[in-house]
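Beneath this line is the structure, given in structure tokens, with notes to follow.
The values are calculated or read from the model by the stated rules, or taken from the named source; none is laboratory data. The shown structure was predicted, so the numbers you read here are calculated from the model rather than taken from an experiment. With ideal geometry, Cβ positions are generated from the backbone for all residues, glycine too; neighbour counts draw on all protein chains shown. Only protein heavy atoms, including side chains, enter the accessible area calculation; ligands, DNA and RNA are left aside. Shrake-Rupley method; radii C 1.70, N 1.55, O 1.52, S 1.80 Å.
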Amino acid sequence: SGEQLSQSGYRDKDWMIATVPGTTLVSYWNDGAVPDPNYGDNQLQISDSFFCADFWYRDEFPISAQGPGRRLWLGFDGINWKADVYFNGAHLGRIDGAFTRASFDITALARAGGTNALAVLVHRPDIPGTVREKTADETGTNGGALGEDNPTFHATAGWDWIPSIRGRDIGIWSDVYLTATGPVVIENPFVSAKLPLPDTESVDVTVEVALRNTESRPVKGVLSGRFGDVHFEQGVEVPAAASTVVRLDASS
């Protein structure tokens, strides 16, 4: 189970070494289990049956002690197709969709100065479809049954410029990382710019961020930032255990 695999000391010496960020196909390739699919007809030597299952990833790592009031987050920027995440014997949650980012609060579970264990169960698509090859005479149709599992890397089903990608690019394809914050977390910053055309001597910039308060009491502070020589700031108060969106306008 994920609870067992995410315990430190689990014997995984016979497991394959995973490439992260990367797909399961890349892990097979880097471990020497399959030929490089980018050359010649090598892809024909890679069976799609290698990927007709879900995949477990695990790792162990130390975490340094954090100061008072600090919170520790485990972040994922992309897993295809879906995943269940376990940390130090606990199920943190589920990630649904290849382009979904996730951040889990592991403050209470982290072992500062000790060994921590992470296990991730990567689920393959429910409807990966069948392998289709492209030839000089017949490129075939684009897409396929994999589209029913969107959002995912839909083109890996086979398109006019590529054959079906073995494994459909499942795996932990983007970064996994730890971050430490105070009680208020800045999330999803978005910056937009508007030019007062035909004038190009200035630009109106809007900055929008979500502030999430992890405390059981309201928190007051100042949100500030800078781009180039332009500095902006605004006083904010975030309600207890809630999120608020702050929008700032500036000109340059």
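Going by accessible area, probe 1.4 Å, with all protein chains left in place, what is the ranking of 186, 165, 63, largest first?
Details: 186 100, 165 45, 63 10 Å².
My answer, sorted largest first, is 186, 165, 63.
Please enumerate, by chain and number, the aspartates and glutamates with C-alpha under 20 Å from the C-alpha of residue 134, excluding those fewer than 8 residues away in the same chain.
Residue 134 reaches 36, 41, 48, 160, 169.
May I ask you to give the solvent-accessible area per residue for the stretch 96-173, in square angstrom, as obtained with a 1.4 angstrom probe?
Details: 3730 Å² over 78 residues.
Value for the stretch 96-173: 48 Å² per residue.
What is the calculated FRET efficiency for residue 1 to residue 246, with r their C-beta to C-beta distance and R₀ = 41 Å, to the nearest 0.05?
Numbers: r = 41 Å, r/R0 = 1.01.
Computed FRET efficiency for residue 1 and residue 246 comes out at 0.50.
Relative contact order, percent, of the chain when contacts are C-alpha pairs under 8 Å separated by at least 6 residues? Working shown, then result.
Working: 545 pairs, mean separation 47.2, N = 252.
The value is 19 percent.
With charges set only on the Cβ (+1 for Lys and Arg, -1 for Asp and Glu), what does the dipole of the chain come to about its Cα centre, in debye to the nearest 20?
Details: 20 positive and 33 negative charges, 199 e Å.
With Lys and Arg at +1 and Asp and Glu at -1, about 960 debye.
Take the alpha-carbon centre of the stretch 21-98, take the same for the stretch 185-216, and report the distance between them in whole Å.
33 Å
Between residue 131 and residue 36, what is 0.36 nm times their sequence separation minus the Cα-Cα distance? Round to one decimal in nm.
Working: separation 95, 0.36 × 95 = 34.20 nm, distance 1.75 nm.
So the extension gain works out to 32.4 nm.
Using the charge dipole of the stretch 99-197 (Lys, Arg: +1 at Cβ; Asp, Glu: -1 at Cβ; taken about the Cα centre), state which of 165, 116, 131 has its Cα farthest towards the positive end.
My answer, from the dipole projection, is 116.
Can you pull the percent of the stretch 145-252's accessible area that's carbon plus sulfur, 1.4 Å probe, other chains left in place? Walk me through the numbers before you get to the answer.
Values: 3310 of 6240 Å².
Whole-percent figure for carbon plus sulfur exposure: 53.
Return the label of the correct value of Rg and Dmax of the Cα atoms in Å, as calculated from the structure shown, out of (1) 18.1, 54; (2) 19.0, 62; (3) 22.8, 67.
(3)
When the helix-only estimate is applied to the chain (DSSP H runs of n ≥ 4, each -39,500 (n - 2.57), divided by the residue count), what is the mean residue ellipticity at 222 nm, nearest 500 deg cm²/dmol? Before the final figure, lay out the partial values.
Numbers: 2 runs with 11 residues, N = 252.
After summing the helix terms and dividing by the residues of the chain, the value is -1000 deg cm²/dmol.
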